[in-house]
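Colleague: One structure follows; several queries about it will come next.
The values are calculated or read from the model by the stated rules, or taken from the named source; none is laboratory data. Because the structure is a prediction, the values reported are computed rather than measured. For neighbour counting, all protein chains shown are included, and Cβ atoms are generated from backbone atoms with ideal geometry for every residue, glycine included. Side chains are part of the model used for accessible areas, which takes the heavy atoms of the whole protein and leaves out ligands, DNA and RNA. Shrake-Rupley method; radii C 1.70, N 1.55, O 1.52, S 1.80 Å.
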Amino acid sequence: MKLALLGYGKMGAIIGTLAEAKGHEIVYKKGSSFEDGVFSEADVAIEFSIPEAAVTNISKCLEAGIPVVSGTTGWLSSYEEMIKKCEDCNGSFIYASNFSIGVNLFFNINAYAAKLMAPWKEYDISVEEIHHTQKKDAPSGTAITIAEEIIENTHKKEWKLDGGANDEISIIAKREGDVKGTHSVYYTSDIDTISIKHEAHTREGFAKGAILAAEWLVGKQGVYTMKDVLGIK
Ligand SMILES: NC(=O)c1ccc[n+]([C@@H]2O[C@H](COP(=O)([O-])OP(=O)(O)OC[C@H]3O[C@@H](n4cnc5c(N)ncnc54)[C@H](OP(=O)(O)O)[C@@H]3O)[C@@H](O)[C@H]2O)c1
């Protein structure tokens, strides 16, 4: 498979190394100030850049007829626009706030826990995310996905950074050292606390999941999620 990497920071570099180890070829790389290779040769693009660049990068791929996998977070207010663009271009597109297989399993555990806890309104619900100090957006895209799945399954109506009103899920975002990504959900009452947690030990999990999504996407048309890639509903 010939790959284009749009965004060549921490994630782009790991994806490049792991993809080459699997026998894929990197035909194009792009950062903020460099371009290397021939974009039009790519069978599929993987986009891990910055929130301000994601929409332009994804659009460029869709317009060129190159399937695109995007993991950049912090641009989701334009997600519907990208779905429309994908449809207009008869393209193929996957966005995931988190490509790690473990986190995608954790999303399902989170939804199940939320359904189980829904009748027990004495429990306050909060989400905590911890990431490295260079992370640009807060809260993390993964924390937002977690909160949205809780909202779908409980009486909570919205999430808020450092919130806490009755119908809100408070998301607490912490920035520490080189933490790869830790997400916890807490159900807290006066009597006890129930918590579930996912802790990424390396960035390889995100990279492996993004490569898997790219391999899966080639030859398909439409907008998909990691649930489609992994066959989990
Ligand atoms: N979905 C997931 O599983 C997952 C996992 C980890 C991270 N992420 C997200 O992925 C994104 C990247 O993370 P990272 O840790 O790799 O960040 P990073 O190390 O800061 O890398 C971002 C890269 O984007 C480049 N960039 C800036 N403007 C660009 C443009 N217009 N076109 C192409 N590239 C551009 C930067 O280039 P310069 O260095 O030249 O400025 C930098 O190399 C973040 O949004 C992060 O939250 C998602």
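Colleague: Enumerate the pairs (first residue in segment 19-32 and open to solvent by 60 Å² or more (accessible area, probe 1.4 Å); second residue anywhere and in a helix (DSSP H, G or I)) with beta-carbon separation below 8 Å, excluding pairs fewer than 6 apart on the same chain, so at least 6 apart or on different chains.
Modeller: Taking only residues 6 or more apart or on different chains, the pairs are 22/211; 32/53.
Colleague: Being in a helix (DSSP H, G or I) and within 13 Å of the ligand (Cβ to nearest atom) is the filter here, so list the residues in segment 53-78 that pass it.
Modeller: Of everything in segment 53-78, those that are in a helix (DSSP H, G or I) and within 13 Å of the ligand (Cβ to nearest atom) turn out to be 53, 54, 55, 56, 57, 58, 59, 60, 61, 76.
Colleague: Have a look at 115, 85 and point out the one that is open to solvent by 50 Å² or more (accessible area, probe 1.4 Å), under 22 Å from residue 50 (Cα atoms), modelled with pLDDT of 95 or more and of a type in the set (Lys, Arg).
Modeller: Going through 115, 85 in turn, the sole match is 85.
Colleague: Also, I was wondering about something else. Of the residues 135, 208, 180, 174, only one is open to solvent by 70 Å² or more (accessible area, probe 1.4 Å), under 23 Å from residue 9 (Cβ atoms) and within 14 Å of the chain's Cα centre (by Cα); which?
Modeller: Of 135, 208, 180, 174, the one residue that is open to solvent by 70 Å² or more (accessible area, probe 1.4 Å), under 23 Å from residue 9 (Cβ atoms) and within 14 Å of the chain's Cα centre (by Cα) is 208.
Colleague: Further question on the same structure: Check off (1) away from the ligand (no atom under 16 Å from the Cβ); (2) in contact (Cβ under 8 Å) with a residue 60 or more places away in the chain; (3) of a type in the set (Gly, Ala, Ser) for residue 100 and give me the number that stays unchecked.
Modeller: Of (1) away from the ligand (no atom under 16 Å from the Cβ); (2) in contact (Cβ under 8 Å) with a residue 60 or more places away in the chain; (3) of a type in the set (Gly, Ala, Ser), only one is false for residue 100: (1).
Colleague: I've got another one for you. Taking residue 121, is it assigned to a loop (DSSP other than H, G, I, E, B), of a type in the set (D, E, K, R), out of contact with any Cys (no Cβ under 6 Å at 6 or more places or on another chain) and within 29 Å of residue 49 (Cα to Cα)?
Modeller: Against the criterion (assigned to a loop (DSSP other than H, G, I, E, B), of a type in the set (D, E, K, R), out of contact with any Cys (no Cβ under 6 Å at 6 or more places or on another chain) and within 29 Å of residue 49 (Cα to Cα)), residue 121 does not qualify.
Colleague: Report every pair of residues separated by at least 6 positions or lying on different chains whose Cβ atoms are under 8 Å apart, first residue within segment 103-130 and assigned by TED's automatic domain parsing to the domain that holds residue 187, second open to solvent by 80 Å² or more (accessible area, probe 1.4 Å) and part of a helix (DSSP H, G or I).
Modeller: Cβ pairs passing all conditions: 111/152; 114/152.
Colleague: Just wondering, is there one or more residues in segment 33-40 that are assigned to a strand (DSSP E or B), touching a Lys or Arg at 6+ places or on another chain (Cβ under 9 Å) and open to solvent by 60 Å² or more (accessible area, probe 1.4 Å)?
Modeller: Looking for residues that are assigned to a strand (DSSP E or B), touching a Lys or Arg at 6+ places or on another chain (Cβ under 9 Å) and open to solvent by 60 Å² or more (accessible area, probe 1.4 Å), one finds at least one in segment 33-40, hence yes.
Colleague: Quick check on my filter: what residues within segment 138-156 are more than 14 Å from the chain's Cα centre (by Cα) and aliphatic (A, V, I, L, M)?
Modeller: If the condition is that a residue be more than 14 Å from the chain's Cα centre (by Cα) and aliphatic (A, V, I, L, M), then 150, 151 are the ones that fit.
Colleague: Any idea which of 64, 53, 42 is modelled with pLDDT of 95 or more, assigned by TED's automatic domain parsing to the domain that holds residue 29 and within 16 Å of the chain's Cα centre (by Cα)?
Modeller: Criteria check complete, one pass: 53.
Colleague: Here are the criteria: (1) part of a loop (DSSP other than H, G, I, E, B); (2) out of contact with any Lys or Arg (no Cβ under 7 Å at 6 or more places or on another chain); (3) in contact (Cβ under 8 Å) with a residue 24 or more places away in the chain. Tell me which single one residue 135 does not satisfy.
Modeller: Just one mismatch for residue 135, condition (2).
Colleague: Then there's this: List the helices (runs of 4 or more DSSP H) that sit entirely inside segment 138-233 and contain at least 1 residues that are small (Gly, Ala, Ser).
Modeller: Where helices (runs of 4 or more DSSP H) fall fully within segment 138-233 and carry at least 1 residues being small (Gly, Ala, Ser), they are 141-153, 204-217.
Colleague: When segment 148-171 is examined, which residues are found to be open to solvent by less than 60 Å² (accessible area, probe 1.4 Å), touching a Ser or Thr at 6+ places or on another chain (Cβ under 9 Å) and either within 16 Å of the ligand (Cβ to nearest atom) or hydrophobic (A, V, I, L, M, F, W, C) (or both)?
Modeller: 169, 171
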